[in-house]
Amino acid sequence: QKEVEQDPGPLSVPEGAIVSLNCTYSNSAFQYFMWYRQYSRKGPELLMYTYSSGNKEDGRFTAQVDKSSKYISLFIRDSQPSDSATYLCAMDLSGNTGKLIFGQGTTLQVKP
Amino acid sequence: DAGITQSPRHKVTETGTPVTLRCHQTENHRYMYWYRQDPGHGLRLIHYSYGVKDTDKGEVSDGYSVSRSKTEDFLLTLESATSSQTSVYFCAISSDPESGGYTFGSGTRLTVV
């Protein structure tokens, strides 16, 4: 079993839809949780960064962490075609190592 | 990507040959990392560095070595390339990992034939 599981999709939604992306993990010691967005043939770029449990909102994006269930989510409101990309969750044990454990990524397509 | 450059962007090499990939940063960040990305596996850490001449192994380090003789450069060497090392390689930098501030390069697409 992988430490971090993420449904690869692809996920296809109409423009304006609310998108929910999820990851589960097995190591209860993870404390730092990230979401990256990766466009085709580009490097990942950090979208959201959360420490421990709770919610974090940034514009149309909301990240949720439920440590009791070992489950994290990324919600995208009012999705746009420009949101079409691969979304990767990542986790770190201590937050100061940079030794991230990534999910395999979910490919999202937002249709106009 | 601003401040971080990977070279080459694409490379095709033969099995058994040594290959060196370069990551160059202009941000003067202390921390540098090499990841590989493969279908079904996401990104996996190969090696990382906390400073000049301070490096350590990551999750998938077998067959790879690194060097960091200057703050700005982090080199990844495949000692004797194999087909299983065909992948996209990403370098990342950070000034403060605890803040989540990682910046990734655009990647090097390596094919071993």
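Taken over region A:90-112, residues that are closer than 30 Å to B:Lys57 by Cα and either buried (at least 20 other Cβ atoms within 10 Å of the Cβ) or more than 10 Å from chain B (Cβ to nearest Cβ) (or both) amount to 13. Scanning region A:82-89 finds no residues that are more than 19 Å from A:Pro44 (Cα to Cα), away from chain B (no Cβ under 14 Å) and among the charged types (D, E, K, R).
Where strands (runs of 3 or more DSSP E) fall wholly inside region A:26-112, the ranges with 2 or more residues that are free of Cβ contacts under 8 Å to residues at least 60 places away in the same chain are A:32-38, A:45-51, A:54-58, A:61-66, A:71-76, A:85-92. Just one of the numbered conditions (1) surrounded by fewer than 15 Cβ atoms within 10 Å (Cβ to Cβ); (2) within 12 Å of another protein chain (Cβ to nearest Cβ) is not true of A:Arg37: (1).
Specify which of the listed residues (B:Thr103, B:Thr17, B:Thr108, B:Thr82) is within 11 Å of chain A (Cβ to nearest Cβ), out of contact with any helix residue (DSSP H, G or I) (no Cβ under 8 Å at 6 or more places or on another chain) and at pLDDT 95 or above.
Values: B:Thr103 fails: at pLDDT 95 or above; B:Thr17 fails: within 11 Å of chain A (Cβ to nearest Cβ); B:Thr82 fails: within 11 Å of chain A (Cβ to nearest Cβ).
The unique qualifying residue is B:Thr108.
Conditions tested, residue by residue: (1) loosely packed, with under 13 Cβ neighbours inside 10 Å; (2) in contact with a Pro (Cβ under 7 Å, 6 or more places away or on another chain); (3) of a type in the set (D, E, K, R); (4) in contact (Cβ under 8 Å) with a residue 24 or more places away in the chain.
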{"site": "B:Arg30", "(1), (2), (3), (4)": "no, no, yes, yes"}
{"site": "B:Pro39", "(1), (2), (3), (4)": "yes, no, no, no"}
{"site": "B:Ser49", "(1), (2), (3), (4)": "no, no, no, yes"}
{"site": "B:Ser67", "(1), (2), (3), (4)": "no, no, no, no"}
{"site": "B:Lys70", "(1), (2), (3), (4)": "yes, no, yes, no"}
{"site": "B:Leu75", "(1), (2), (3), (4)": "no, no, no, yes"}
{"site": "B:Thr103", "(1), (2), (3), (4)": "no, no, no, yes"}
{"site": "B:Leu110", "(1), (2), (3), (4)": "no, no, no, yes"}
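The values are calculated or read from the model by the stated rules, or taken from the named source; none is laboratory data. All values reported here derive from a predicted model rather than from experimental measurement. We place every Cβ from the backbone using ideal geometry, glycine too, and count neighbours over all the protein chains shown.
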